[in-house]
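Asker: For reference, the structure I am asking about is given below.
Computed from the coordinates by the stated procedures, all read-outs in this text should not be read as laboratory data. Quantities reported herein were computed from a predicted structural model and do not represent experimental measurements. Every residue, glycine as well, gets a Cβ built from its backbone with ideal geometry; the counts of neighbours run over all protein chains shown.
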Amino acid sequence: MESEIVPKIAKMTVSGKKQSMGFEVPCAAAEENGHPNTPQKGLLPEDASVASGVLEAVSKSTPLPQVVQDSEEQNMVPTPAKKSSKAKPQIDVKAELEKRQGGKQLLNLVVIGHVDAGKSTLMGHLLYLLGNVNKRTMHKYEQESKKAGKASFAYAWVLDETGEERERGVTMDVGMTKFETPTKVITLMDAPGHKDFIPNMITGAAQADVAILVVDASRGEFEAGFETGGQTREHGLLVRSLGVTQLAVAVNKMDQVNWQQERFQEITSKLGQFLKQAGFKESDVAYIPTSGLGGENLVTRGQSSDLTQWYKGKCLLEQIDSFKPPQRSVDKPFRLCVADVFKDQGSGFCVTGKIEAGYIQVGERLLAMPPNETCTAKGITLHDEPVDWAAAGDHVSLTLTGMDIIKINVGCVFCDPKEPIKVCTRFRARVLIFNIEVPITKGFPVLLHYQTVSEPATITRLLSVLHKSTGEVTKKKPKFLAKGQNALIELQTQRPVALELYKDFKELGRFMLRYSGSTIAAGVVTEIKE
Ligand code: GDP
């Protein structure tokens, strides 16, 4: 076991435990909208690079704001003028945020792949090699997993424990585990290792900037995961649909096939074709031969001559480090989706939640939507400490005055009064229908889920079925929607909800639809009616 290998380049900054408390350093969920290098034309429906199930093709007619930015650096240039009309524009929040992060970029990572491909083992071992799990704990896992007759699962248990922790956590969108690479702080979203991995993964995928797709290189196993019924394709399509453009494919369990180059090539060429169809650009997909169990090619380049004689590329950690950073939402108008409301001792009351976009300073006016009323942020608490400012990605508690607590519910959005969020009961969306048993028909009741919102809604109109690859309408006014289809629908919510167009605010413009306990579709908001 490589228990001595604890590279300096990365260390655990925050444990999963701490995170489940709901307060965290800026998490990359606050970043958004893909990375700045996403070519604008990539969003046009006629562009072949946007293919199957790509919900974001909805943005076709309107250039996304992020494409104007062409580098993270440029993006980080402070823009003090932006909030000059606000009460106290004295703090250069963006510069402060840079300092707080130690200059590292934040990235949300989701791990996807067929069951038993080795996702948990791979990530657990990676965290262990990075020094995020101490030797004693690892030893404990080894003993326990041996006792349970599952010695080979020791690394996977690293993630299982954080999983339990998270279930006790407050919000469903809190990332679980963080680790660092030389240039990045990575939040591992919804780390795998659960039976109900799919619903979990969807939540994670909806927040992810990049993904690792794990496939099992063993003979027959890759094929099983890749064929219909296997999760490799389903997961690949899903993350692409939710806006993930960069992918690292860990061709795992290479030890099982003696690190054979031919097997690696066979898998990458099959996957390559599929991923291209799914809408990934070839240059944004990297293939890395790994052994999650043996720990090879994870945080340092594999040493075995069977590998080095044909593979000169990056190890998994290097690949993660070289993902392009997404654009940060700090530049956008302030948005915070309320996760909790409570009265504290002093005047006013408190709300907690994650800042989805923009930043806030003490003393600023905020608008709550609904109910469309303003208040003042008297105090900001981050990690249980009072602070002067907080920015996109921070889980904060705000003390508010000038408003009645009765008016505020979980799911309300606090926003910049000058650039308020939209509130509606009717909107249109492009959805990707999951594996459902009963086809969806007009009048179908659903639960609309996004951020902290969970609101009963009805699918009131089936507008069209869209071609998975091109986004073109293949059928108008369908009678029903079946599994795997891409469609344009209209939804009516029971009460008004605050949301945004996906093209403007990715975080507040994508949602899931659930029905009797399972997720039946993922979607993005394309038009807000009223
Ligand atoms: P998950 O369902 O994708 O999270 O898969 P797990 O991490 O639970 O792994 C499933 C099984 O594959 C376990 O028995 C692991 O020990 C085994 N496994 C994972 N990675 C490797 C690997 O690189 N090589 C070999 N030989 N076995 C592995």
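Asker: Fully extended, how many nm does the chain gain between Thr458 and Gln260 (0.36 nm per residue separation, minus their Cα-Cα distance)?
Answerer: 66.1 nm
Asker: So, one more: What FRET efficiency do you get for Glu437 and Ser269 if R0 is 35 Å and r is their Cβ-Cβ distance, rounded to the nearest 0.05?
Answerer: The calculated FRET efficiency here is 0.50.
Asker: Peptides 103-110, 403-410: what's the order by average Cβ count within 10 Å, highest mean first?
Answerer: The peptides rank, most packed first, as 103-110, 403-410.
Asker: Continuing with the same structure: On full extension of the chain, what length is gained from Ile406 through Lys312, given 0.36 nm per residue of separation minus the C-alpha to C-alpha distance?
Answerer: Contour length minus the Cα-Cα distance gives 27.7 nm.
Asker: Shifting gears a bit: Computed over the Cα atoms of region 408-530, what is the ratio Rg over Rh, Rh following Kirkwood?
Answerer: 0.97
Asker: Work through the residues other than Lys529 whose Cβ is under 11 Å from its Cβ and net out their charges, Lys, Arg +1 and Asp, Glu -1.
Answerer: That sum, taken over residues with Cβ under 11 Å, equals +1.
Asker: For Glu223 and Asp92 in one chain, what is 0.36 nm times their gap in residues minus the Cα-Cα distance, to one decimal in nm?
Answerer: 41.9 nm
Asker: If you don't mind, another one. What distance in nm lies between label points placed 7 Å from Cα along the C-beta direction at Asp116 and Phe480?
Answerer: Roughly 3.3 nm, to one decimal.
Asker: Hey, another quick one. For Lys146 paired with Ser305, estimate the spin-label separation in nm (one decimal), with each label point 7 Å from Cα along the Cα-to-Cβ line.
Answerer: About 3.2 nm separates the two model spin labels.
Asker: With each label point set 7 Å from Cα along the Cα-Cβ vector, what nm distance links Arg426 and Gln494?
Answerer: 2.0 nm
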